[in-house]
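Engineer: Below is a structure I'd like to ask you about.
The values are calculated or read from the model by the stated rules, or taken from the named source; none is laboratory data. None of the values given here were measured: they were computed from a predicted structure. Glycine also receives a Cβ, built like all others from the backbone with ideal geometry; neighbour counts cover every protein chain displayed.
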Amino acid sequence: MSKKHKAHFPKRRSVSEPSRSDVGTASQSNSWLRRTLIAELLTDAHLGSSSGGGGIDALLARDRHGRPVIWASHVEGVLRDAARRLHGDQEAEAFFGRAGGDFTRGDRQRAVFTSLYAKDNAGSHIWRSTARETFDNRAPKDDTLRVVEYVPRGTKLVGEVELPASELSVLQRLVQEVDALGAGRSTGAGRVKLWLGDVRPTRRTTGTPTGRLTILLKNRDPLCITATATPDNLIPSLAFVPGRTLLGAVAAWLIAEGDRDTASLLTSGRVSVSDALPLPQAPTTLASVEVLPAPLSLQSEKPEGTAGEVPWWAQPTTPTRRLDAWSAKPERKQNAVKLKRPEDDLFVYRASTSEAWTTFRPARRVRLRNGRPDPKQLDASLFAIEQIVEETHFVAEFQGTPEDLKKVADELGPILEGWRWLRVGRAGGPVEVARFAWSSAPAATKTTEKALLTLTSDLLVRDEHLRWRTAIDEAALRELLCADVQLGRALQDSVMVHGFNGTSRLWRMPAAGIRRGSVFEVSGGGVAKLAERAAKGQWLGERTHEGFGRFRLDAALPGVTGDARTTSAQTPGTDVEDEAIAADTREWFNAHKSLAKSGGANDRKPSLSQWLDLVAALESSNNTNAIDERLDPKTAGAKSWKDKDAKAVLEKRKTRQPEQCARYARFFVRWLRVNSRSPQAERAR
């Protein structure tokens, strides 16, 4: 490595020695800074998702809103490569961390990056390329056609980075070294202007601590909360953040800040942390929000089978009807209704006691990754990882004495005030506290002598031989509750609990427990005592400070819906509206079936790829200009759009609202593809 490169790489300072230009800002946030990272594309860029579809071999990576995104892992990889070029592997590991390292010794990555997100949907370009037969022959080589989606130049993508003040000069030098992002950088694609900007988070006050702290979390980037200890090609993720994971993230943050005494309040059980359960949307207030895993007795009707060649997405759909499996038995026998258990990631939610319960499933996606843990490894390892999408809100509770919670809140001030992030889950995804509220213990729920006990988190309890229980009977329930209760019907399941200790770098011993969502019908004089225990936070079983053993009592099962088949409405973007669009486009297809057949030299019709190009153009621009261009073609390759049937379909689409043109085009192309794959079409060939 040349001395010239080494001279340009700034000398590292300790965290306690911020640069002069950042002393004022650093003093307000414990010598940590937050900066925006802005990328402006100078040429078209392919920000790959490692997947294809719809006639495109390589699709763009997109966020939950369908906008282009540069994942944080790619940004970190490019910056790490720049650090290796400038100062070698040792300096790169000092800044970006070492695989399998110990965070207590400083082996963890110092800077925390979010992905770079586009503020507006800039659309996309479709580029096609082939390999030549020979160097002096431009004829395309067989089976080499590639269709790749690109983000157009001029697009701006913005993210954030949090790092110690002493490392800012290092990051600034690395940012100057990066001139391209995405795939195909060696061929000129993805040329980028990258720079850092200022950011001033909105500061909040911590308020007056009480014995109960409710926090609203928001993940800035996708989260993977690993669900198994031995993942395969797919690393699955839970749909929520377990209390043990959140407790570990908070304790790790405190230990990294040198405050082991406050961290011991969490690890010793003096302050308990509940599971962080997802929400369908950000609530207006945290005082009355209720969310719980769907009870196992909250079951839905199985869909009826259909015959014929009509695909599933064109079948008539209705909102899912959810019933109480215990109270719906007479109806099931009379109408022969078959029910199925709720999905593992189904939750029940209501914003206040005056509103009705609703069910929802948090959005998750599977992302393909290329991993190269060892820099000397030649071939990358391909694997898939399941993630909770970004900007998902979670609600969790901290409980303890006011004195202990005050000490925890004081030390977590930068996080509660919005200056710092927590690092949660696999690879330490950034999670911020969007809001928090102090409250006193809730009043005990008014119950009768009969109620439904629902586990809102997994329950760990042992029998007399110190073995983990996977089911609860009446004797075990009385011993567990320490109350005079009778157990009626019960619907319960077992679950395996895994964990990893980041401090000791060892796997925790697995445990077996009773699954969250298990429902027990309890009665007797001890029901009122149970309600008091729930109000005081006296939970059941072991490791309650990690979120285990939470429960609630209800007179009626939460989440039961009426007959939704008579109350559904055609709201925009719903399955009911898609059903109407599918019906319209099927009529168009039946009237112009010749479009699905290949025409001769004198009867040219648009090919399937041309129809797909139309769909991509409508989805990217969201207007009818693409239709006008095909109604009046100017190039020789577009003359096939002069076919009378194709023109008739384009005219029908033009009569629809601009925001619906793309959806009509997408459904019509589906009908074309279904017909091309049908047995009749195969026999006609």
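Engineer: Would you mention how many residues in the range 189-225 are of a type in the set (D, E, K, R), assigned to a strand (DSSP E or B) and closer than 16 Å to L416 by Cβ?
Structural biologist: Selection size over the range 189-225: 2.
Engineer: Also: Which pairs turn up if I take residues in the range 503-532 that are under 18 Å from P295 (Cα atoms) and look for partners that are outside any loop (DSSP other than H, G, I, E, B) and charged (D, E, K, R) with beta carbon separation below 7 Å, at least 6 apart in sequence or on another chain?
Structural biologist: Here the result reads E521/R489, each pair linking the range 503-532 to a residue that is outside any loop (DSSP other than H, G, I, E, B) and charged (D, E, K, R).
Engineer: Here's a follow-up. Just need a number here: residues in the range 485-502 that are in contact with a helix residue (DSSP H, G or I) (Cβ under 7 Å, 6 or more places away or on another chain) and either touching a residue at least 40 places away in the same chain (Cβ under 8 Å) or closer than 17 Å to G549 by Cα (or both).
Structural biologist: Within the range 485-502, residues that are in contact with a helix residue (DSSP H, G or I) (Cβ under 7 Å, 6 or more places away or on another chain) and either touching a residue at least 40 places away in the same chain (Cβ under 8 Å) or closer than 17 Å to G549 by Cα (or both) number 3.
Engineer: From R108, R67, R34, which residue is within 24 Å of the chain's Cα centre (by Cα), buried (at least 17 other Cβ atoms within 10 Å of the Cβ), charged (D, E, K, R) and modelled with pLDDT under 85?
Structural biologist: One residue alone meets the criteria, R108.
Engineer: Condition test on R80, is it outside any strand (DSSP E or B), of a type outside the set (S, T, Y) and not assigned by TED's automatic domain parsing to the domain that holds V669?
Structural biologist: In short, yes.
Engineer: I'd like to know if the range 99-112 contains one or more residues that are assigned to a strand (DSSP E or B) and more than 26 Å from L168 (Cβ to Cβ).
Structural biologist: no
Engineer: In the list F96, F135, which residue meets the criterion of being among the aromatic types (F, W, Y) and more than 30 Å from A256 (Cα to Cα)?
Structural biologist: F135
Engineer: Look at S440 and say whether it is touching a residue at least 24 places away in the same chain (Cβ under 8 Å), of a type in the set (S, T, N, Q) and in contact with a strand residue (DSSP E or B) (Cβ under 7 Å, 6 or more places away or on another chain).
Structural biologist: Answer is yes for this residue.
Engineer: Oh, and also: Could you please give the count of residues in the range 645-656 that are modelled with pLDDT under 80 and over 41 Å from the mean Cα position of the chain (by Cα)?
Structural biologist: 0
Engineer: In this structure, is T566 surrounded by fewer than 16 Cβ atoms within 10 Å (Cβ to Cβ), of a type outside the set (F, W, Y) and modelled with pLDDT under 80?
Structural biologist: yes
Engineer: Among the numbered criteria (1) under 17 Å from the mean Cα position of the chain (by Cα); (2) outside any strand (DSSP E or B); (3) charged (D, E, K, R), which one does R423 miss?
Structural biologist: (2)
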